[in-house]
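The values are calculated or read from the model by the stated rules, or taken from the named source; none is laboratory data. From a predicted model like this one, the values you see are computed outputs, not experimental measurements. Glycine gets a Cβ as well: all are built from the backbone with ideal geometry, and neighbour counts include every protein chain shown.
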Amino acid sequence: MVRIGALDMLAQVPPGQVWALVAPLLSDPVRGVRTRAALLLAAVPTELQPVADRAPFERAAAEFIAARIQNADRPEERAALASFYAQRGRMTQAEAEYKAALRLSADYIPAAVNLADLYRQIGRDRDGESVLRTALARSPQEAGLHHALGLWLTRAKRPAEALDELRRASELAPDRARYGYVYAVALHSGGQRDQAISALKQILVDHPNDRDALQAMITFTRDAGELPTALDYAKKLARLAPTDPDVKALVAALQAMTDAAAPRAPSDTRPGRK
């Protein structure tokens, strides 16, 4: 459990860096550790894998696939297998597994969202809309589906419809800061700057340490000429990332801009005064 937990903590490490950390666990004595390691390394193409590690990876990958097939009557297992295939570039098999998951349970939202995203990856983005709308017809209160459809409509250059879907997602799941952030960015892109700033302020009330929202607020208020406000938010971000050189540079730049824009006090030019 400790080793599996450690692997989970490495999920966001870039593929180019994760191999050396995870590859030794491909030969772990516990199958659950081996298969989790294989899943974590699935995105690394075979040609980029060290030759000595390829056989252990293939063995662990085969175990991962076998474990999913053993529980093929569960939609989450079929979706997990689909995700693995997609990371390995086996898109036809991934599509088949996502569809199998939806046949087992048409209400299994992750399969619909991920199938639509798979279509985007393989150049069949148009097919994604029907997948998402079919799922929404069954689960109209599912925020993740509205969010995914909003992103699809954005790519389809249908901004008004996209904004409605992104707004709905943020309303249905106010605890998901990401949904609110994306909605605010869409508002700003549509020329609704004040509404975007208002949306970000609400996110930061509920999620004061959300870095994406802070970054957006800094940019939006700076571009609106509200330099002191932008500087305040930059300082909040700096408290979250005190060692980040980019954040330090941002604070310094905003401080200089704020100082330059501040009105200067008139000098005293009366005779005898210095």
Query raised in the report: Just a yes or no: is a residue in segment 155-163 over 22 Å from Thr219 (Cβ atoms), at pLDDT 95 or above and in contact with a helix residue (DSSP H, G or I) (Cβ under 6 Å, 6 or more places away or on another chain)?
Result: yes
Report summary line: Of (1) under 20 Å from Asp73 (Cα atoms); (2) charged (D, E, K, R); (3) at pLDDT 95 or above; (4) loosely packed, with under 14 Cβ neighbours inside 10 Å, Asp107 satisfies every one except (3)
Report task. Could you check, for segment 189-196, whether at least one of its residues is under 16 Å from Tyr233 (Cα atoms), among the acidic types (Asp, Glu) and either more than 19 Å from the chain's Cα centre (by Cα) or outside any helix (DSSP H, G or I) (or both)? Result -> no
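Quick grid of which residues meet (1) modelled with pLDDT under 95; (2) loosely packed, with under 13 Cβ neighbours inside 10 Å:
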position: Val205; (1), (2): yes, yes
position: Leu214; (1), (2): no, no
position: Thr221; (1), (2): no, no
position: Ala224; (1), (2): yes, no
position: Ala261; (1), (2): yes, yes
position: Pro266; (1), (2): yes, yes
Requested in this report: Consider only pairs whose beta carbons are under 6 Å apart and that are at least six residues apart or on different chains; among these, list those whose first residue lies in segment 173-200 and is farther than 17 Å from Leu153 by Cβ and whose second residue is acidic (Asp, Glu).
Outcome: Ala177/Asp210; Tyr181/Asp212
Query raised in the report: What residue, of Ala42, Ala62, Ala80, Ala38, is out of contact with any Phe, Trp or Tyr (no Cβ under 9 Å at 6 or more places or on another chain) and under 29 Å from Arg103 (Cα atoms)?
Result: Ala62
Report summary line: Of those in segment 138-188 that are among the hydrophobic types (A, V, I, L, M, F, W, C) and assigned to a loop (DSSP other than H, G, I, E, B), the residue surrounded by the most Cβ atoms within 10 Å (Cβ to Cβ) is Ala173
**Report entry** Residues satisfying the stated conditions in segment 122-137, i.e. among the small types (Gly, Ala, Ser) and surrounded by 21 or more Cβ atoms within 10 Å (Cβ to Cβ)
**Finding:** Gly128, Ala135
Report task. Taking the options Leu115, Leu149, name whichever one is within 27 Å of Arg74 (Cβ to Cβ) and touching a Phe, Trp or Tyr at 6+ places or on another chain (Cβ under 9 Å). Result -> Leu115
Report summary line: Quick count over segment 73-95, residues being part of a helix (DSSP H, G or I), over 18 Å from Ala135 (Cβ atoms) and either touching a Cys at 6+ places or on another chain (Cβ under 8 Å) or not aromatic (Phe, Trp, Tyr) (or both), is 8
Query raised in the report: Among the residues of segment 1-49, how many are part of a helix (DSSP H, G or I) and not basic (Lys, Arg)?
Result: 30
Requested in this report: Scan Ala37, Ala96, Ala23, Ala55 and give me the residue that is of a type in the set (A, V, I, L, M) and within 26 Å of Ala143 (Cα to Cα).
Outcome: Ala96
Requested in this report: May I ask you to list pairs of residues, at least six apart or on different chains, whose Cβ atoms are under 9 Å apart, with the first in segment 105-131 being under 13 Å from Glu95 (Cβ atoms) and the second being among the basic types (Lys, Arg) and not in a helix (DSSP H, G or I)?
Outcome: Leu118/Arg124
Query raised in the report: Of all residues in segment 17-52 being polar (S, T, N, Q) and closer than 25 Å to Glu77 by Cβ, which is surrounded by the fewest Cβ atoms within 10 Å (Cβ to Cβ)?
Result: Thr46
Query raised in the report: Do you know which residues across segment 226-235 are buried (at least 17 other Cβ atoms within 10 Å of the Cβ) and out of contact with any Leu (no Cβ under 6 Å at 6 or more places or on another chain)?
Result: Leu227, Thr229
Query raised in the report: Taking the condition in a loop (DSSP other than H, G, I, E, B) and either surrounded by fewer than 22 Cβ atoms within 10 Å (Cβ to Cβ) or in contact with a Cys (Cβ under 8 Å, 6 or more places away or on another chain) (or both), does Asp117 pass?
Result: no
**Report entry** Residues that are β-branched (Val, Ile, Thr) and either in contact with a strand residue (DSSP E or B) (Cβ under 7 Å, 6 or more places away or on another chain) or free of Cβ contacts under 8 Å to residues at least 12 places away in the same chain (or both), drawn from segment 43-102
**Finding:** Thr46, Val51, Thr92
